[in-house]
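Written out below as structure tokens is the structure these notes cover.
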Amino acid sequence: MSDLPRVIIYTDGSCDVNPGPGGWAALLRYKGREKVLSGGEADSTNNRMELAAAVEALNALSKASRVDLYTDSEYLRRGITEWLEGWKVRNWKRKGGKLANVDLWQALDKAIQPHEVEWHWVKGHAGNKDNARVDRLARQAMNKVK
């Protein structure tokens, strides 16, 4: 068991139309305290917003931590746990060619380095109160950039 501080993070991204205005949000919990982060882009995709939420959440941590990160995005979870190493070996390319969102995948790869991150998938819109909360926050952030 690691001596690093334990942080729980929930993330979500949202787009009104895909592509279109997008928003992201993250909820960070540490020792009973919460921090909420959110932002958006006028022209984005849902996948970019999912990635942005994870990058921003991890970059907000002031020291190396043991992180449980919860996402409803299979793209994010599978990308980081199954596909990332292959992309790096192929110089940030997919087997079939160009890698979408390479800038954010590279930023996420850098953001995870100081941390021990365990990635958890949660079913979206299925009653998980923290997932529902970051979904609402991401939609609010999206509406600010419309």
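In the stretch 115-135, of all residues being farther than 17 Å from Arg78 by Cβ and surrounded by 14 or more Cβ atoms within 10 Å (Cβ to Cβ), the one that is modelled with the lowest pLDDT corresponds to Asn128. Given the criteria touching a helix residue (DSSP H, G or I) at 6+ places or on another chain (Cβ under 8 Å) and at pLDDT 95 or above, does Trp92 qualify? The answer is yes for Trp92.
Restricted to the stretch 38-68, and to residues there that are of a type in the set (A, V, I, L, M, F, W, C) and surrounded by fewer than 18 Cβ atoms within 10 Å (Cβ to Cβ), the residue that is farthest from Trp121 (Cα to Cα) is Ala42.
Results for (1) among the hydroxyl-bearing types (Ser, Thr, Tyr); (2) in a strand (DSSP E or B); (3) touching a Ser or Thr at 6+ places or on another chain (Cβ under 9 Å); (4) closer than 19 Å to Lys146 by Cβ, shown as yes or no for each residue.
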| position | (1), (2), (3), (4) |
| --- | --- |
| Ser14 | yes, yes, no, yes |
| Val55 | no, no, no, no |
| Asp68 | no, yes, no, no |
| Leu76 | no, no, yes, no |
| Trp87 | no, no, no, no |
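Scanning the stretch 102-117 for residues that are under 15 Å from Leu28 (Cβ atoms) and assigned to a strand (DSSP E or B) gives a single hit, Val117. For the stretch 74-101, the set of residues classified as touching a residue at least 12 places away in the same chain (Cβ under 8 Å) and not aromatic (Phe, Trp, Tyr) consists of Glu74, Leu76, Arg77, Gly79, Ile80, Thr81, Leu84, Lys88, Leu99, Ala100, Asn101, listed by residue number. Among residues of the stretch 73-94 being of a type in the set (Lys, Arg) and within 14 Å of the chain's Cα centre (by Cα), the one that is surrounded by the fewest Cβ atoms within 10 Å (Cβ to Cβ) is Arg78. Among residues of the stretch 1-14 that are under 14 Å from Pro114 (Cβ atoms), those with a beta-carbon under 8 Å from a residue that is surrounded by 16 or more Cβ atoms within 10 Å (Cβ to Cβ) and hydrophobic (A, V, I, L, M, F, W, C) at least six positions away or on a different chain give the pairs Val7/Leu28; Val7/Leu61; Val7/Val67.
Residues checked against (1) under 15 Å from the mean Cα position of the chain (by Cα); (2) at pLDDT below 95; (3) under 26 Å from Ser62 (Cα atoms):
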residue: Gly96; (1), (2), (3): no, yes, no
residue: Ala100; (1), (2), (3): no, no, no
residue: Gln106; (1), (2), (3): yes, no, yes
residue: Val145; (1), (2), (3): no, no, no
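The values are calculated or read from the model by the stated rules, or taken from the named source; none is laboratory data. Bear in mind that the values here come from a model prediction, so they are computed numbers and not experimental data. Cβ sites come from the backbone with ideal geometry, for glycine too, and all protein chains shown count toward neighbours.
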